[in-house]
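Taking it in order: structure first as structure tokens, then the write-up.
FYI, it's all coordinate maths here, none of it is from the lab. Please read all numbers here as calculations on a predicted model, not as lab measurements. Here Cβ is always computed from backbone atoms with ideal geometry, including for glycine, and neighbour counts include all displayed protein chains.
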């Protein structure tokens with residue numbers, strides 16, 4: 001299982017990356033992350049919503065109330081321009097961390 | 001969850017989430033009770049969620065103060081525009097016109113760059129409280145200006161008829177002070193954002 005600090009830090013870039021594919025909603029975002037990580041990135045489901053609301057407040061994403069397949073109200077989120085820029089920045093930073101770690105790991109086997 | 005203080009729109013979102021999770025678990029073959037209990041456990045403890053939602057709500061308090069500040073600015077701007085034609089009156093000399101331009105420029109600059117002079121308060125509640133207090137002071141200031149300063153000092157010293165420009169300039173100055181005070185909340189938020197950006 002991945003440490004909770006890392007799970008928390010990865011929440012925003014993951015949400016941005018998922019919404020970059022198109023509009024989505026809380027439950028679908030969580031299921032997408034769980035499926036892609038093979039269940040190793042395990043969010044406390046309810047914690048996603050304050051994250052989404054905070055991102056919306058910061059102007060990274062926007063929301064609208066729509067209808068689900070069953071006719072119930074459902075809140076959909078989509079990426080805004082600032083969100084795309086933030087996603088690029090996150091990607092650069094996470095790539096850098098990954099590159100440094102990969103480089104250090106490679107040196108251990110030289 | 002409602003008892004925990006989570007606001008209704010967020011509650012509706014959490015309820016939808018819970019319903020969808022229960023349905024998914026039921027489709028996987030779980031009994032209704034088990035599906036419900038597992039979904040509730042997965043959504044997380046109400047106290048923890050309340051804490052997280054409150055953090056967002058606190059930020060909204062700051063937004064409200066900012067909006068009130070902007071409303072003040074809009075009102076002050078509107079009345080300033082109403083008296084702006086007075087400065088084109090032939091009786092108005094160049095000095096009041098120059099001061100009028102300076103006052104407007106200083107107000108605009110205070111909204112644009114004033115945050116650099118303000119402390120970066122980390123606590124959003126404190127930022128909201130200071131911003132709201134400044135809005136209240138701005139209201140009191142306008143009331144004091146109209147009730148006491150205008151009749152007692154401005155009209156007596158400046159004189160209404162002889163120096164038209166100075167009379168309206170005093171209004172512009174009063175609006176500017178109110179606008180600057182109302183901009184403190186906006187400035188504090190900007191100062192905090194700048195500090196956070198530097199820290200990041």
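Okay, here's what the table says:
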read-out: Angle between chain B longest axis and helix B:46-83 axis [Cα atoms, degrees, rounded to 10]; value: 20
read-out: Cβ-Cβ FRET estimate between residue B:81 and residue B:136, R0 fixed at 35 Å, reported to 0.05; value: 0.90
read-out: Length added when fully stretched, residue A:34-residue A:20, from 0.36 nm per residue minus Cα-Cα; value: 3.3 nm
read-out: Relative contact order (%) - chain B, alpha-carbon pairs under 8 angstrom, separation at least six; value: 32
read-out: Cα-projected label distance for residue B:123 with residue B:144, points at 7 Å along beta-carbon direction, nm; value: 2.6
read-out: Residue mean of other protein chain beta carbons inside 10 Å, A:46-59; value: 6
read-out: Peptides ranked, highest mean first, by Cβ atoms within 10 Å: ranges B:165-172, A:96-103, B:144-151, B:113-120; value: B:165-172, B:113-120, B:144-151, A:96-103
read-out: Rounded tilt (10° steps) of B:8-27 against the dominant C-alpha axis of chain B; value: 20
read-out: Convex hull projection area averaged over all views, segment B:41-142, Cα basis, nm²; value: 9.3
read-out: Among B:100-110, B:173-183, the order from most to least packed when residues are scored by Cβ within 10 Å on average; value: B:173-183, B:100-110
read-out: Rounded FRET efficiency, nearest 0.05, which uses the C-beta distance separating residue B:112 from residue B:31 and R0 of 51 Å; value: 0.25
read-out: 15 Å cut-off, amide nitrogen to a point 7 angstrom out along residue A:68 Cα→Cβ, residues in segment A:11-45; value: A:24-32
read-out: Degrees separating the helix B:94-113 axis from the principal Cα axis of chain B, which is the longest one; value: 20
read-out: Isotropically averaged projected area of chain A, using the convex hull of Cα atoms (one quarter of hull area), nm²; value: 8.0
read-out: Computed lengthening from residue A:101 to residue A:81, 0.36 nm per intervening residue step minus Cα-Cα distance; value: 4.1 nm
